[in-house]
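Participant: Quick one: the structure is below, questions incoming.
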Amino acid sequence: MMVWINGKLVDKNDAKISVFDHGTLYGDGVFEGIRIYGGRVFQFPAHMDRLFVSAERIYLQPPYTKQELIDATYETMRANGVSDGYIRMVVTRGEGTLGLDPFQCFAPCTFIIVGQIAMYSDEMYENGMAVIIAKTTRTPAGCLDPRVKSLNYLNNICAKIECVKASLCEAIMLNDKGNVSEATGDNVFIVKDGVVITPPAEAGILLGITRNAVMHLCKRMDIPLKERDFKPVELYAADECFLTGTAAEVIAVTKVDDRTIGDGKVGPVTGKLLAAFRELTRTDEEIPYQA
Ligand code: PMP
């Protein structure tokens, strides 16, 4: 596998960053996870916008332009012969001192990995998945802007540990107000009486690009959609629940804690949205996204 790092394509064994990089020392940096479907990079401009807005929000100036990173990504895809896969694009703060001060880091480190990702089994897409509500709550927006896709995922990892210990693949996190926020690596939707409901930005979520695409599909398909807060009781009583994410795409949740959601099967609205989403991945259509 060839990895693009700081302007060069190198063998993965030679793709190295400094132990003094603040990405390593402090999780100081930003990243994107992006899908490639049939040689097309899905919603590439939206991902680049989010990367650059994330960087700007933490006073990090990527050393390459968006276009340079887009070109580098295609170069890495070609070098690895990948036309269906997953891109990980990372900009770290770069090498610095052992202190926190990010302004002592003068050269951000940028790398692009093109590989594969398989989050969930086919069986889970067909029958839905079981999740728990994590005891670990989402970092409040006042502590760390959740719209920044930063390298610091320890909050999510703590929730992930909870679900792995329960032999499950995902956990839904609440915010400090007790409202549903998001899953450890996915956004959350419920369906009640035909209305699709998803927590708003203020619930402390990453503004997912898949979430944005699914919301757009709802509008296009005349499926009523509301962005509003809801609590676990409403989630337990939902007709359907599903998660969205670059790696997960659209996946039904059929059990939360010990509660069966709806009739315990993948619901009709989830099924329709998954089909429409898969169709979208086969086109060049760009869905407007506000980072
Ligand atoms: N929330 C979190 C915490 C995430 O890490 C992700 C991405 N894995 C998402 C939501 C979904 O975002 P996207 O659809 O842009 O992948």
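Participant: Can you find a residue that is modelled with pLDDT of 95 or more, open to solvent by 30 Å² or more (accessible area, probe 1.4 Å), within 13 Å of the ligand (Cβ to nearest atom) and over 30 Å from A79 (Cβ atoms) anywhere in region 122-132?
Facilitator: Looking for residues that are modelled with pLDDT of 95 or more, open to solvent by 30 Å² or more (accessible area, probe 1.4 Å), within 13 Å of the ligand (Cβ to nearest atom) and over 30 Å from A79 (Cβ atoms), one finds none in region 122-132, hence no.
Participant: Tell me, yes or no, whether region 203-218 has at least one residue that is in contact with a Lys or Arg (Cβ under 6 Å, 6 or more places away or on another chain), aliphatic (A, V, I, L, M) and part of a strand (DSSP E or B).
Facilitator: For region 203-218, residues in contact with a Lys or Arg (Cβ under 6 Å, 6 or more places away or on another chain), aliphatic (A, V, I, L, M) and part of a strand (DSSP E or B): absent.
Participant: Out of all the residues in region 48-79, which are closer than 17 Å to G23 by Cα and part of a helix (DSSP H, G or I)?
Facilitator: Listed by number, the residues that qualify are L51, F52, S54, A55, E56, R57.
Participant: Looking at F103, F111 in this structure, which one is loosely packed, with under 13 Cβ neighbours inside 10 Å and more than 18 Å from V250 (Cα to Cα)?
Facilitator: The match here is F103.
Participant: Still on this model: Considering each residue of region 150-192, count those that are among the β-branched types (V, I, T), within 14 Å of the ligand (Cβ to nearest atom) and open to solvent by less than 20 Å² (accessible area, probe 1.4 Å), and give that number.
Facilitator: Qualifying residue count for the region: 4.
Participant: Then there's this: Just name the residue that is most open to solvent (accessible area, probe 1.4 Å) out of those in region 1-12 that are of a type outside the set (A, V, I, L, M) and either within 24 Å of G185 (Cα to Cα) or in a strand (DSSP E or B) (or both).
Facilitator: Going through the qualifying residues, I end up with K8.
Participant: Within region 174-198, how many residues are more than 20 Å from G128 (Cβ to Cβ) and not charged (D, E, K, R)?
Facilitator: Matching residues across region 174-198 total 5.
Participant: Looking at region 79-96, which of its residues are open to solvent by 40 Å² or more (accessible area, probe 1.4 Å) and either touching an Asp or Glu at 6+ places or on another chain (Cβ under 9 Å) or more than 28 Å from T65 (Cβ to Cβ) (or both)?
Facilitator: If the condition is that a residue be open to solvent by 40 Å² or more (accessible area, probe 1.4 Å) and either touching an Asp or Glu at 6+ places or on another chain (Cβ under 9 Å) or more than 28 Å from T65 (Cβ to Cβ) (or both), then R88, E95 are the ones that fit.
Participant: Looking only at residues that are surrounded by fewer than 17 Cβ atoms within 10 Å (Cβ to Cβ) and free of Cβ contacts under 8 Å to residues at least 24 places away in the same chain in region 13-66, which one is nearest to L154 (Cα to Cα)?
Facilitator: Only one residue fits best here, namely V19.
The values are calculated or read from the model by the stated rules, or taken from the named source; none is laboratory data. From a predicted model like this one, the values you see are computed outputs, not experimental measurements. Because the Cβ atoms are built from the backbone with ideal geometry, glycine has one as well, and the counts that use them run over all protein chains shown. Areas reflect the complete protein model, heavy atoms only, side chains present, ligands, DNA and RNA absent. Shrake-Rupley method; radii C 1.70, N 1.55, O 1.52, S 1.80 Å.
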